[in-house]
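Throughout, read-outs are computed from the coordinates displayed, never taken from laboratory work. The structure displayed is predicted, hence computed values, not measured ones. Positions of Cβ are generated from backbone atoms using ideal geometry, with glycine treated the same way; all protein chains shown enter the neighbour counts.
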Amino acid sequence: TGALQQAKLVLLGDMGAGKSSLVLRFVKGQFFDYQESTIGAAFLTKTMPEQNVKFEIWDTAGQERYHSLAPMYYRGAAAAVIVFDITNTESLGKAKNWVKELQRQGNPNMVMALAGNKADLADARAVTTEEAQTFADDNNLFFWETSAKTNQNVLELFTDIAQKLPRT
Ligand code: GTP
Ligand code: MG
């Protein structure tokens with residue numbers, strides 16, 4: 001108990017990986033097959049009463065031309081979710097680059113999670129669970145395979161982060 005802990009959380013990752021869809025699923029329980037590409041960034045909040053945490057969420061734009069804005073959103077963040085698309089090898093490469101950038105320039109105590117999204121598209125899988133898990137283990141990231149579409153592991157991902165936040 002005690003005061004609600006506010007925690008800034010940022011989502012980073014390739015365009016189309018499903019950052020906005022994961023956030024929309026988590027915050028509003030919604031999913032859209034034709035989710036619009038994010039321009040700049042979007043801000044949403046979500047309270048998890050059982051964890052006593054209020055997430056202040058920055059959903060960034062994955063398009064390359066917005067890359068230079070990212071530090072504004074990850075600076076001071078308590079947590080980051082780096083999202084890739086399990087059907088897209090290149091998106092894992094982009095995720096690895098984001099992890100490197102956060103390790104160099106982010107808050108050193110940041111709780112980081114890797115989300116392999118679109119797990120419902122198993123027939124089109126291009127990244128094995130083992131490859132992503134190994135990368136996650138080597139870099140101290142939590143790893144979940146998620147689907148914003150079916151709601152697989154979405155709550156688990158954010159609950160894991162909430163539980164690992166340093167208590168202030
Ligand atoms: P940017 O805002 O451009 O960086 O993209 P984003 O990472 O926010 O991706 P977005 O959430 O807009 O999703 C891109 C497309 O993938 C949309 O058409 C979504 O409907 C679809 N999508 C997102 N998550 C999933 C998922 O888990 N499964 C499936 N099948 N499609 C998904
Ligand atoms: Mg988006």
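Can you give me the number of residues within region 1-56 that are within 12 Å of ligand 2 (Cβ to nearest atom) and among the hydrophobic types (A, V, I, L, M, F, W, C)? Qualifying residue count for the region: 12.
Can you name the residue in region 15-30 that is more than 7 Å from ligand 1 (Cβ to nearest atom) and in a loop (DSSP other than H, G, I, E, B) and, of all such residues, is surrounded by the most Cβ atoms within 10 Å (Cβ to Cβ)? Filtering region 15-30 for residues that are more than 7 Å from ligand 1 (Cβ to nearest atom) and in a loop (DSSP other than H, G, I, E, B), the one surrounded by the most Cβ atoms within 10 Å (Cβ to Cβ) comes out as GLN30. Scanning region 115-138 for residues that are of a type in the set (Asp, Glu) and closer than 20 Å to LEU12 by Cβ yields GLU131, ASP137, ASP138.
Residue-by-condition table, conditions (1) farther than 21 Å from GLU145 by Cβ; (2) buried (at least 18 other Cβ atoms within 10 Å of the Cβ); (3) of a type in the set (Lys, Arg):
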position	(1), (2), (3)
ALA42	yes, no, no
ASN52	yes, no, no
ALA61	yes, yes, no
ALA95	no, yes, no
LEU121	no, no, no
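If you go through region 102-115 one residue at a time, do you hit one that is buried (at least 16 other Cβ atoms within 10 Å of the Cβ), over 20 Å from ILE161 (Cα atoms) and not basic (Lys, Arg)? No, region 102-115 contains no residue that is buried (at least 16 other Cβ atoms within 10 Å of the Cβ), over 20 Å from ILE161 (Cα atoms) and not basic (Lys, Arg). Looking across region 28-45, just one residue is within 18 Å of LEU12 (Cβ to Cβ), touching a strand residue (DSSP E or B) at 6+ places or on another chain (Cβ under 7 Å) and not hydrophobic (A, V, I, L, M, F, W, C), and that is THR38. Among the residues of region 57-73, the one identified as in contact with a Lys or Arg (Cβ under 9 Å, 6 or more places away or on another chain) and part of a helix (DSSP H, G or I) is TYR73.
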